[in-house]
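Reviewing the structure listed below.
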Amino acid sequence: MGCHDDYRQMTARKYAHFPAQQSCVTCHNPHDSKQPKLLLEDTGTLCANCHQDIQKIALESPVKHDALTQGSKCANCHNPHGSDVEHLLVQLPMQLCLKCHSKDDIVDHDGKKLINMGKLLAENPHQHAPVASQDCSACHMPHGGNNFRLLTHAYPAMFYSPYDAENYALCFGCHEEKAFTEPQTEQLTQFRDGKKNLHYVHVNRGNAGRTCRACHEVHATVQEHQIRDAVPFGSKGWMLKINYSKTETGGSCAKTCHATRSYNNSRTKTSTSKPEVGHEAKP
């Protein structure tokens with residue numbers, strides 16, 4: 001510490017790494033090393049010597065997070081000496097995620113291009129509650145996971161999927177499952193035509209059931225309720241416009257998966273008003 005003033009400052013932060021407080025030579029060779037920073041081993045191997053539970057997740061999870069294997073590896077996200085942020089993170093969690101996920105050329109572990117999340121959030125004011133609370137880990141596993149996009153629970157990866165509550169475990173951790181399983185309702189959702197539950201109509205269509213992504217962008221949108229402007233469709237990511245318009249009693253979609261249809265959630269079974277044009281098309 002006679003030379004490393006920065007080290008003294010780091011270990012004095014709110015959250016200190018126990019090995020760093022005990023002995024520098026737990027991780028460093030004071031004379032020479034083949035590794036940067038005089039480390040005993042490369043960062044990933046060195047951290048795994050103690051954090052075997054994290055290593056198990058990283059190695060055995062079918063969906064990988066490349067942040068653990070590229071660049072500074074564990075030190076991409078954690079300060080090994082001390083931090084003022086929990087879990088020794090180098091920044092607050094969402095800021096840390098956006099450091100990488102605000103680029104146009106970032107890809108997932110399988111090489112598929114990911115959206116520029118920083119740009120998306122900057123351009124879309126209505127944020128999903130976990131995003132608004134800056135809690136990426138509410139939905140994503142940072143070290144590795146069993147689900148598409150490192151999600152904490154199951155969520156359909158495709159545009160179409162047969163309805164199964166287990167496939168929507170991520171959504172139903174917060175949202176009421178009955179809003180998608182009850183054909184008729186006046187309370188569970190405002191997306192209904194009279195009592196006809198239009199969430200139910202969309203998701204309960206056998207192999208052609210629309211998943212949440214058909215209408216909702218789960219991070220942020222221009223419109224309320226995470227209703228998206230367009231959805232990637234097909235193998236080449238063609239953007240299918242939804243053309244949703246909100247009204248005082250409902251809304252409408254135009255020229256997308258079906259002919260223009262509108263809904264009126266104030267209409268009831270006993271109402272004498274006629275259905276909107278196109279709404280009698282098959283559910």
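The values are calculated or read from the model by the stated rules, or taken from the named source; none is laboratory data. Note that the structure is a prediction, hence the values are computed from the model and not measured. Positions of Cβ are backbone-derived with ideal geometry, glycine not excepted, and every protein chain shown enters the neighbour counts. Heads up: the accessible areas ignore ligands, DNA and RNA and are worked out on the full protein's heavy atoms, side chains in. Shrake-Rupley method; radii C 1.70, N 1.55, O 1.52, S 1.80 Å.
Per-structure values
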| item | result |
| --- | --- |
| Relative contact order (%) - criterion: Cα under 8 Å, at least six apart; region: the chain | 12 |
| Sorted peptide list for 25-34, 119-128, 257-266, criterion being average Cβ within 10 angstrom, highest first | 257-266, 119-128, 25-34 |
| Sequence ranges 234-247, 159-172, ranked by mean other-Cβ count within 10 angstrom, highest first | 159-172, 234-247 |
| Nitroxide proxy distance, nm - points 7 Å out along Cα→Cβ at Leu40 and Thr260 | 7.1 |
| Among 135-144, 107-116, the order from most to least packed when residues are scored by Cβ within 10 Å on average | 135-144, 107-116 |
| Amide H within-cut-off set for Ser61, under 5 Å, with H built and near neighbours excluded | none |
| Kirkwood hydrodynamic radius of the range 199-256, Cα pairs, Å | 12.3 |
| 5 Å binning of all Cα-Cα separations within the range 154-206, expressed as whole percents from 0 upward | 4, 22, 28, 23, 17, 5, 0 |
| Reported label for calculated mean projected area of the Cα convex hull in nm² given [x] 14.5; [y] 16.3; [z] 18.2 | [z] |
| Cross-link table Lys113/Lys196; Lys73/Lys241; Lys73/Lys113; Lys103/Lys196; Lys113/Lys255, entries beyond 32 Å C-alpha to C-alpha | Lys113/Lys196; Lys73/Lys241; Lys103/Lys196 |
| Within the accessible area of the chain (1.4 Å probe), percent carbon and sulfur | 55 |
| For the chain: accessible area per residue (Å², 1.4 Å) | 63 |
| Unit charges on C-beta of K, R, D, E only; dipole of the range 132-212, Debye | 260 |
